[in-house]
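Working notes, beginning with the structure itself.
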Number of protein chains: 2
Amino acid sequence: MNVQFKKMKPIKSYQHVVDEIQTAICEGNLKEGETLPSEMKLKEMFDTSRGTIREALRVLEQKGLVSVRTGVNGGARIQGANAKPMTDSVAILIRQQKVSLHHLAEFRKMMEGHISEQAAKKADKKDVQRLMDILRDAAAHIQTKPSGWTEFHKMDAEFHLTLAMIAENPLLEANLTAIHDNIQIYFHQYLPWSEALLHDNFKDLCGIAAAVEQRDPGTARRIAEEHVAKFNALMEKNIE
Amino acid sequence: MNVQFKKMKPIKSYQHVVDEIQTAICEGNLKEGETLPSEMKLKEMFDTSRGTIREALRVLEQKGLVSVRTGVNGGARIQGANAKPMTDSVAILIRQQKVSLHHLAEFRKMMEGHISEQAAKKADKKDVQRLMDILRDAAAHIQTKPSGWTEFHKMDAEFHLTLAMIAENPLLEANLTAIHDNIQIYFHQYLPWSEALLHDNFKDLCGIAAAVEQRDPGTARRIAEEHVAKFNALMEKNIE
DNA sequence: TACGATCAAACTGTAGGACAGTTTAATGAT
DNA sequence: ATCATTAAACTGTCCTACAGTTTGATCGTA
């Protein structure tokens, strides 16, 4: 005997359904927005039971590949790439107290620094314009004498996500989204509201945008890192 | 009317089951290694149908929280924290061709650089010893005149993961694992085998370990970044 | 014709029952 | 004692039935 035979591992049939559909999505044979056939039809196509189909759909749903709706013309719609599974698994690590705000912030600092640096290297005029548009909206919002973070944080997140898109790496986008989605709660809970802080925050964003515009990767990284570190320090102080 | 009522969103019953069990796991009421009651018992405990329970189990399985086995004393065992969902979602991004080797390598470079730097800041004697032990094994393996990467890559991965553990941030660990698991295929496919390259690789690891031992974060980061960049450049050349 | 209300059809959501397949532990034979 | 056999406790799969949800079609009325 010179060969090692692989152990006969009976693939569970719902897994087979998952694999087929996932492959079809990844190969592009099923495109975003399309809807899969109904459970009844899938059951016949795969020659299996409805229960099996439904288990497969739950898995695909959890992977963020489809979303299922009830009613006529309902069914499983193919979803575009999204960061949901990543957000989920980070959320679990937090709930298990394996990951603290400190961990989140360290990771975020690394990412925002890197992203800003890359953005400063790669941005073209259109990209800079997009950043400026967001800043203009943010400035307008500040004029309205707001009394809480909520609105500003939306634009803040959009700004950082746009930077990630300029940096042209979907992995950075997905991870940044996951981090932002999960750090939100800490913002709401531990970041005290003050107009001075709002202006400070806004000034940091302007600084990053300016560094990107001037193609100055080093400065972009430095401001971004300091920005994250500063606000995190504030929150950590308030946790005690 | 001064308040906005939330839309009555009928929670699906399998989702309710998922939430309850997930919470119990995160709160520590269900610990790693324990097994959930059988599907029959769960069905009665939640006063629902077996199909519903099974759909919930598929979701929990996909989240990496439980793994299900057949047979007597089988059932859903609680899993410790693991990077499976992250590995999965990165794999999907790759299969959808949203993420290329270039993206993976850029991300990895950022992480390995940061990890090595942090490890050099935080390592104690025991940590350094663990790194040295791995290097000793690797050196022994090189003595055997190997003819492929497979064995070495295992130790390489272990070395980098140990660094991440020394850096004391589970987010870094999880992401690094996800990246490693997914970049493997490229190694096998595009990294040519040569003894010179093996020695080169090994030397880099020694360099990182030495920098960590000497508490030299800057050097540790530099070597790690160059290490990743070098081997990636090799692979990218072979892809064309 | 236009515009609502009503209804039917096409779906998913849930429940219950049945039996096959798999693994372990108890039982029994040598 | 040791090994094979069997029974029990599970998950895996299939079936049927009906409730709940959404939308497009139909019909009535101005």
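Could you please let me know if residue A:175 is within 14 Å of another protein chain (Cβ to nearest Cβ) and either open to solvent by 40 Å² or more (accessible area, probe 1.4 Å) or more than 30 Å from residue B:31 (Cα to Cα) (or both)?
So residue A:175 does not fit the description; no.
Does region A:16-34 contain any residue that is modelled with pLDDT of 95 or more, near DNA strand C (Cβ under 10 Å from one of its atoms) and among the charged types (D, E, K, R)?
no
Looking only at region A:157-193, count how many residues are closer than 21 Å to residue B:103 by Cβ and assigned to a loop (DSSP other than H, G, I, E, B).
Residues meeting the conditions: 3.
Out of the residues in region B:182-218 that are open to solvent by less than 40 Å² (accessible area, probe 1.4 Å) and of a type in the set (Val, Ile, Thr), which is nearest to residue B:126 (Cα to Cα)?
In this case the residue turns out to be B:212.
Out of curiosity, is residue A:20 away from DNA strand D (no atom under 11 Å from the Cβ), acidic (Asp, Glu) and more than 25 Å from residue B:22 (Cβ to Cβ)?
yes
Yes or no: residue B:106 over 21 Å from residue A:98 (Cα atoms), out of contact with any Gly (no Cβ under 7 Å at 6 or more places or on another chain) and more than 9 Å from chain A (Cβ to nearest Cβ)?
The answer is no for residue B:106.
In region A:42-81, which residues are among the basic types (Lys, Arg) and either farther than 22 Å from residue A:12 by Cβ or surrounded by fewer than 17 Cβ atoms within 10 Å (Cβ to Cβ) (or both)?
A:50, A:69, A:77
Would you mind stating whether residue B:165 is within 15 Å of residue B:232 (Cα to Cα) and surrounded by 15 or more Cβ atoms within 10 Å (Cβ to Cβ)?
So residue B:165 fails the test.
With respect to residue B:49, is the statement that it is farther than 27 Å from residue B:89 by Cβ and within 12 Å of another protein chain (Cβ to nearest Cβ) true?
Yes; evaluated as a whole, the condition is true for this residue.
Output the qualifying pairs, or none if there are none: Cβ atoms under 6 angstrom, residues six or more apart or on different chains, first residue in region A:70-94 and more than 16 Å from DNA strand D (Cβ to nearest atom), second residue open to solvent by 20 Å² or more (accessible area, probe 1.4 Å) and hydroxyl-bearing (Ser, Thr, Tyr).
Listed by first residue and then by second, the contacts come to A:79/A:67; A:83/A:177.
Go through (1) of a type in the set (Phe, Trp, Tyr); (2) out of contact with any His (no Cβ under 7 Å at 6 or more places or on another chain); (3) open to solvent by 10 Å² or more (accessible area, probe 1.4 Å) for residue A:159 and report which single condition fails.
That leaves (3) as the condition not met.
Of the conditions (1) surrounded by 19 or more Cβ atoms within 10 Å (Cβ to Cβ); (2) modelled with pLDDT under 95, residue A:86 clears all except one; give me its number.
It fails just one condition, (2).
Give me the pairs: first residue in region A:25-44 and touching a residue at least 40 places away in the same chain (Cβ under 8 Å), second residue open to solvent by 40 Å² or more (accessible area, probe 1.4 Å) and within 16 Å of DNA strand D (Cβ to nearest atom), beta-carbon distance under 6 Å, and six or more apart or on different chains, which are they?
From region A:25-44, the pairs are A:35/A:77.
Name the residue that is nearest to DNA strand C (Cβ to nearest atom), counting only residues in region B:52-76 that are more than 10 Å from chain A (Cβ to nearest Cβ) and small (Gly, Ala, Ser).
Among residues in region B:52-76 that are more than 10 Å from chain A (Cβ to nearest Cβ) and small (Gly, Ala, Ser), the one nearest to DNA strand C (Cβ to nearest atom) is B:71.
Taking only region B:77-89 into account, find how many residues are more than 7 Å from chain A (Cβ to nearest Cβ) and not in a loop (DSSP other than H, G, I, E, B).
4
Tell me which of these residue A:130 doesn't satisfy, since it passes every other one: (1) under 16 Å from the mean Cα position of the chain (by Cα); (2) touching a residue at least 12 places away in the same chain (Cβ under 8 Å).
(1)
Report yes if residue A:39 is within 15 Å of DNA strand D (Cβ to nearest atom) and either farther than 30 Å from residue B:173 by Cβ or open to solvent by less than 60 Å² (accessible area, probe 1.4 Å) (or both), otherwise no.
So residue A:39 passes the test.
Against the definition (outside any loop (DSSP other than H, G, I, E, B), of a type in the set (Val, Ile, Thr) and outside the structural domain of residue B:179 (by TED's automatic domain parsing)), how does residue B:17 come out, yes or no?
yes
What residue, among those in region A:98-156 that are surrounded by 14 or more Cβ atoms within 10 Å (Cβ to Cβ) and not in a helix (DSSP H, G or I), is modelled with the lowest pLDDT?
A:146
The values are calculated or read from the model by the stated rules, or taken from the named source; none is laboratory data. A quick note: this is a predicted structure, and the numbers were derived from the prediction, not measured. Positions of Cβ are backbone-derived with ideal geometry, glycine not excepted, and every protein chain shown enters the neighbour counts. What goes into the accessible areas is simple: the full protein's heavy atoms, side chains included, and nothing from ligands, DNA or RNA. Shrake-Rupley method; radii C 1.70, N 1.55, O 1.52, S 1.80 Å.
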